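What follows is a single structure, written as structure tokens, with notes after it.
Derivation of every value follows stated rules applied to the coordinates shown; laboratory data play no part. Everything numeric here is computed off the predicted structure, so don't read it as measured data. All Cβ positions, even for glycine, are placed from backbone atoms using ideal geometry, and neighbour counts span all protein chains on display.
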Amino acid sequence: MERFGFYFLLGALAAISCGEADTSTPRGALAAMAPCIEKRDAACLYGRLDRDSRWSLQTIHKTLGRIETLAQRSYPPDKRASALGSWSEEAAAKEPSELFRVYCEENGWMSDLTVRFGPARTVSTEVEAKRAQIITSRGGSIELSAPDGSWGLSDFREELAADKLRLLTRLARVEKNASAFEEQKRAEASPSEGETP
């Protein structure tokens, strides 16, 4: 893999190891991301996402767990797979950081970042919106936001937020189906009219 620039990475790694990676600035956040992207380490990069992206991943992870629990408890065996649908690989993730790795692999996010990433050439900041765009020396664009005062990568925020909403909608449907299946099981277990218990 082509390196981003020896001096850039050396400086970023040195800053982080000395506790000087300051994510209160967009440039500091960019430096903090450098080792994660150099190693293609999605678990590391998860910690460098903006707050909203991490919250979406946490909600997705929790929602998938809830769907799986409902399916195992209430769905007939032959219908359990339908509860998760195409989300089975994501549901296998043990932690939100592992879930982010699945997203990176499925969508090529890490590969895309390695192409765009590099030292900052220009930084445009919307102070009130707490958003920033960094144009790197490679001509790539990196989006960041700081809703909690700490700058983090926000390139994937909208897609993750959309998936979160889709899964919450799916959960509501699974909960409704689970209730129907439970009611069906209770009806089947009860004596029919005219039968002696």
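For a Förster distance of 35 Å, can you work out the FRET efficiency between the beta-carbons of D22 and T169, rounded to the nearest 0.05? Mind showing how you got there, number by number?
Details: r = 39 Å, r/R0 = 1.12.
With a Förster radius of 35 Å, E is 0.35.
What are the DSSP H helices in the chain that stretch 15 Å or more along their long axis, judged by alpha-carbon atoms, and whose average Kyte-Doolittle hydropathy comes to at least 0.5? Mind dumping the intermediate values first?
Working: long enough: 6-17 (16 Å, 2.03); 26-38 (18 Å, 0.64); 51-74 (34 Å, -0.95); 96-107 (16 Å, -0.74); 157-189 (47 Å, -0.87).
In the chain, the long hydrophobic H runs are 6-17, 26-38.
Do the sum for the chain: with -39,500 (n - 2.57) for every DSSP H run of n ≥ 4, divided by all residues, what is the mean residue ellipticity at 222 nm, to the nearest 500 deg cm²/dmol? Intermediate results must be reported in sequence, preceding the final value.
Working: 9 runs with 116 residues, N = 197.
One gets -18500 deg cm²/dmol as the mean residue ellipticity at 222 nm.
So if R0 is 25 Å, what FRET efficiency would S179 and K62 give, r being the distance between their Cβ atoms, rounded to the nearest 0.05? Show your work: numbers first, answer last.
Numbers: r = 20 Å, r/R0 = 0.80.
Rounded to the nearest 0.05, the efficiency is 0.80.
Which label marks the calculated value of semi-axes √(5λ) of the Cα gyration tensor in Å, given the options (1) 26, 17, 16; (2) 46, 16, 13; (3) 35, 18, 15?
Identified label for the calculated read-out: (2).
Which whole-number percentage describes the relative contact order of the chain, with Cα contacts under 8 Å and a sequence gap of 6 or more? Let's see the in-between values first.
Working: 250 pairs, mean separation 50.0, N = 197.
Reported relative contact order: 25 percent.
Return the FRET efficiency for the residue pair S137, N107: r is the Cβ-Cβ distance, R0 is 35 Å, and the value is rounded to the nearest 0.05.
On the way: r = 25 Å, r/R0 = 0.70.
The computed FRET efficiency comes out at 0.90.
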